[in-house]
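Any read-out appearing in this document is the output of simple, stated calculations on the displayed coordinates, not a laboratory observation. Owing to the predicted nature of the structure, the values given are computational and were not obtained by experimental measurement. Cβ atoms come from the backbone with ideal geometry, glycine included; neighbour counts cover every protein chain shown.
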Amino acid sequence: MLIEKNIILERTNKKPILIDVFSTQNGNHRPIVVFCHGYKGFKDWGAWNLMAKTIAEAGFCFIKFNFSHNGGTVDNPIDFPDLEAFGNNNYTKELDDLNDVINWVQSTFEDDTNVDETNINLLGHSRGGGITILKASEDSRVKKLITLASVCDFGKRTATIGDLKTWKESGVKYVLNGRTKQQMPHYYQFYEDFKANEARLHIESAEKRLKIPHLIIHGDNDTSVLIDEAYALNKWNPVSQLEIIKNADHVFNVKQPWEKDTLSPELQIVTKSVIDFFVLKNP
């Protein structure tokens with residue numbers, strides 16, 4: 001197993017992105033899975049490393065990364081030492097980040113016989129699920145899509161961060177991080193960027209445009225993103241597949257930090273479903 005952690009993707013006039021690669025070296029042109037973390041998340045959260053290793057061992061090159069404005073830094077990619085960056089994050093920045101990661105994947109593995117850089121699949125959790133739906137709908141390089149506990153609507157979340165008038169006047173709203181106890185800032189630019197790109201950021205339209213296989217996975221005990229959102233995605237795209245994980249919460253019953261050397265039973269089921277879905281040939 002080859003594991004490369006915290007590879008720095010430098011970009012002109014943009015914040016760098018930290019990338020992890022999990023793969024094996026057997027010359028078999030392995031498909032690529034690119035994982036996008038969620039809101040108040042990061043690539044090393046909970047059991048994501050263990051999930052990455054499990055999927056890589058099953059025959060994939062697994063890529064995960066921190067969104068450039070998720071609040072982590074190059075020196076400290078875990079948790080949120082850079083709240084200023086967090087406050088300046090928005091959905092279009094995350095789409096841009098994902099595009100740059102896909103570009104990096106294709107250029108990095110172009111001549112690597114262990115990896116098939118043309119077979120790129122997306123896996124997104126929560127808000128990252130919404131980002132992957134949007135990206136998959138507009139980028140023909142993406143072959144398959146799996147979303148975990150995904151949101152189905154960015155609009156209602158953008159507007160409910162706070163009273164818009166007060167938000168505009170103060171320029172910032174804060175959301176408490178229950179785990180770290182930090183007051184996480186959201187600058188008003190977040191709302192302005194959403195309104196300026198509202199059509200592109202409309203998940204329902206993106207889901208209806210999808211031409212690739214989509215597996216929707218959701219826990220029936222998710223209190224952060226209700227299971228109704230999974231049903232909505234499935235309704236908008238009748239050829240998508242829906243899998244409900246019994247007794248699973250929003251993070252499939254793992255937590256940060258995750259100190260066990262095995263996945264939770266619920267995340268084991270999720271990981272097997274991910275492997276099986278990505279292994280299947282496209283119809």
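Quick rundown of the values:
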item: Counted residues, the range 27-66 - those being among the aromatic types (Phe, Trp, Tyr) and in contact (Cβ under 8 Å) with a residue 60 or more places away in the chain; result: 4
item: Qualifying residue in the range 107-126 (condition: crowded, with 23+ Cβ neighbours inside 10 Å, farther than 23 Å from Glu57 by Cβ and out of contact with any strand residue (DSSP E or B) (no Cβ under 6 Å at 6 or more places or on another chain)); result: yes
item: Test: Ile102 is among the aliphatic types (A, V, I, L, M) and surrounded by fewer than 21 Cβ atoms within 10 Å (Cβ to Cβ); result: yes
item: Listing of strands (runs of 3 or more DSSP E) fully contained in the range 2-69 that carry 1 or more residues being over 24 Å from Leu267 (Cα atoms) and not charged (D, E, K, R); result: 2-11, 14-23
item: Filter result for the condition that a residue is more than 19 Å from the chain's Cα centre (by Cα), over 18 Å from Trp45 (Cβ atoms) and either of a type in the set (Val, Ile, Thr) or surrounded by fewer than 15 Cβ atoms within 10 Å (Cβ to Cβ) (or both), over Asn247, Asn237; result: Asn247
item: Complete set of residues in the range 4-24 that are out of contact with any strand residue (DSSP E or B) (no Cβ under 6 Å at 6 or more places or on another chain) and under 27 Å from Val279 (Cα atoms); result: Thr24
item: Tally of residues being touching a Lys or Arg at 6+ places or on another chain (Cβ under 9 Å) and free of Cβ contacts under 8 Å to residues at least 60 places away in the same chain across the range 237-279; result: 3
item: Every residue from the range 87-133 that is over 24 Å from Thr223 (Cβ atoms) and assigned to a strand (DSSP E or B); result: Val115, Asp116, Glu117, Thr118, Asn119, Ile120, Asn121, Leu122
item: Residue list for the range 33-52, restricted to those being within 13 Å of Leu263 (Cα to Cα) and small (Gly, Ala, Ser); result: Gly46, Ala47, Ala52
item: Any helices (runs of 4 or more DSSP H) falling wholly within the range 185-279 and containing at least 2 residues that are touching a strand residue (DSSP E or B) at 6+ places or on another chain (Cβ under 6 Å) and of a type outside the set (A, V, I, L, M); result: 265-279
item: Test: residue in the range 184-205 that is more than 24 Å from Ser137 (Cβ to Cβ), under 20 Å from the mean Cα position of the chain (by Cα) and surrounded by fewer than 19 Cβ atoms within 10 Å (Cβ to Cβ); result: yes
item: Criterion (assigned to a helix (DSSP H, G or I) and either more than 23 Å from the chain's Cα centre (by Cα) or not hydroxyl-bearing (Ser, Thr, Tyr) (or both)) met by exactly one of Lys181, Lys173, Lys156; result: Lys156
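Each row is one residue, and each column tells you yes or no for (1) under 29 Å from Ala85 (Cβ atoms); (2) in contact (Cβ under 8 Å) with a residue 12 or more places away in the chain.
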site: Gly178; (1), (2): yes, no
site: Tyr188; (1), (2): yes, yes
site: Tyr191; (1), (2): yes, yes
site: Lys195; (1), (2): yes, no
site: Ala199; (1), (2): yes, no
site: Arg209; (1), (2): no, yes
site: Ile212; (1), (2): no, yes
site: His218; (1), (2): no, yes
site: Asn221; (1), (2): no, yes
